[in-house]
Every structure is written in C-alpha cells, then in structure tokens.
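Have a look at the structure below, then the notes.
The values are calculated or read from the model by the stated rules, or taken from the named source; none is laboratory data. Here the structure is a predicted model, which is why all the values come from computation and not from measurement. Cβ coordinates were reconstructed from backbone atoms using ideal geometry, including for glycine residues, and neighbour counts include every protein chain displayed.
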Amino acid sequence: MKRLVGLLILCFSFSFLYAQKAETLKSEGDKAYNGKQYALALTKYEKALTVWGSKPTDNAMIFAMGACAYNVKDMKKSQKYIDMTIAAGYNLDMAYQYKACIMQAENNPEGYVKTLNEGLAKVPNSKSMKESLAKHYFEEGDKHYHAGKDILKKATDLVNAKKLSANDKAYKDENTKARTEFNEAIKFMDMSLKVNPDYENAKIIKNNCQSQVKMLL
C-alpha cells in the first residue's frame, strides 16, 4: 500500500510539473506574441501544446498559433491552426478572416470566396467579411467593365479612322462582345451590392454598364 501511495504521489508530482512547464511555455509565448516575435511565440506555443497532450485545448492559444504562423508566412501551418479554431467555434469572425487571407496568400480566389461565404453563414453580421466579399465581387466586375469599354473604344476608333463602318458585321460583332462584358460586370456588381447594399462604387459601375448596354447596337 505504501508503495502504491508513493507511486500515486510521484505521478501527481510529474503531472504538476508538466502542467507548470506548459503554463510557463504558454506565458513565454504570450510575451513573444505581444512583442511581435511571431516565430519565437509559435515555437513556445507548440512546445506547450505538446506538453499538455490530451488536456482540453486552449482555443485562444491555438488561434494565436494560427496568427503567428501567418505572420511568418507558413500558410500550411497557419491554416491547420485556424481550421482547429474554426472547428472549436472560437473567435469565428477573426478566424474566417485569417483563413480568407491565407487563401489570398496562396492565390486561391475560389477558396477565398468560399471561405468568406462560409464565414458569413456563421457570422452574418461581420462587417469586415461583408466588405471583403463585396470588394472581391466589385473588382471582378470592374475587370469586365473595363474590358467592355476597351472593346468599344477600339471598335469606335476603327470607325472614326474609316477602317470600319457602323453597319459592318465586324463592328456589330464587337458591340456584342462589349455587351457581354458589360452584362458580366452588372452581374458581379449585383453580387457585390447583395452583400453590401451601400457600396457606392458598385452602384456607379452598374449604372454605367446599364447606360452603355442601352447605347449599343
């Protein structure tokens, strides 16, 4: 019995020491994080996580690990920890914003849009995610708007230079191409305004596109 009691005390002592070590590592990580020493903070946090093992996860620390990894440009590791944060339902607004930034850093526009839409489904009142998604749709639409303008300008320049007539099929074909671009722009501006109805630039570009479409042959 004395041996059993001794073993239990020894196990408890080891557990206590490990817990203390993990807390010390986390505190050191917090200090490094607050000092923007992100690589050092990440190292300390990961060591703390290893020491804790099966202990219930410290979600605030996991989120900080994702942020640290992002700041040292380790996107794979950042996504791993941010996904853990999202799975835990912790700090969802910021977690989805980080994940969207990871998608941008990896040049993954589809993943970017998907992440923001998923985030807004969970945090529908997120002002930052709404603005980011609306801006993305606006920028896509703006590309089509300027493409339409360029097509129309080149066709008009050819008419003015007497190289084409407004009645020529080639000119009408260019009008059709421009119309397609303007309609695509309108579609994206509508998507932008659905997310952010107060986006004035999206309203302006949409109105310009509609005016251009009415004037086309």
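How about region 128-148: which of its residues are closer than 25 Å to Lys177 by Cα and either hydrophobic (A, V, I, L, M, F, W, C) or surrounded by 21 or more Cβ atoms within 10 Å (Cβ to Cβ) (or both)?
Tyr137, Phe138, Gly141, His144, Tyr145, Ala147, Gly148
Within region 149-163, work out how many residues are under 29 Å from Met191 (Cβ atoms) and either surrounded by 15 or more Cβ atoms within 10 Å (Cβ to Cβ) or of a type in the set (Lys, Arg) (or both).
Of the residues in that region, 6 qualify.
Out of the helices (runs of 4 or more DSSP H) lying entirely within region 34-141, which hold 1 or more residues that are touching a Lys or Arg at 6+ places or on another chain (Cβ under 6 Å), outside the structural domain of Met189 (by TED's automatic domain parsing) and hydroxyl-bearing (Ser, Thr, Tyr)?
Qualifying helices (runs of 4 or more DSSP H): 109-122.
Could you please let me know if Val159 is β-branched (Val, Ile, Thr), part of a helix (DSSP H, G or I) and at pLDDT below 95?
yes
What number goes with the only condition from (1) of a type in the set (A, V, I, L, M); (2) surrounded by fewer than 14 Cβ atoms within 10 Å (Cβ to Cβ); (3) touching a Phe, Trp or Tyr at 6+ places or on another chain (Cβ under 7 Å) that Ala166 does not pass?
(3)
Against the conditions (1) part of a helix (DSSP H, G or I); (2) under 30 Å from Gly89 (Cβ atoms); (3) of a type in the set (D, E, K, R), where does Lys172 fall short? Just the number, please.
The single condition Lys172 does not satisfy is (2).
Consider Leu164 carefully, then state whether it is in contact (Cβ under 8 Å) with a residue 24 or more places away in the chain and assigned by TED's automatic domain parsing to the domain that holds Glu140.
No; evaluated as a whole, the condition is false for this residue.
Might you check whether a residue that is closer than 30 Å to Asn125 by Cα and at pLDDT 95 or above occurs anywhere in region 168-183?
Within region 168-183 (the criterion being closer than 30 Å to Asn125 by Cα and at pLDDT 95 or above), the answer is yes, since at least one residue qualifies.
Under the condition of being modelled with pLDDT of 95 or more and of a type in the set (Gly, Ala, Ser), which residue from region 39-59 is surrounded by the most Cβ atoms within 10 Å (Cβ to Cβ)?
Ala41
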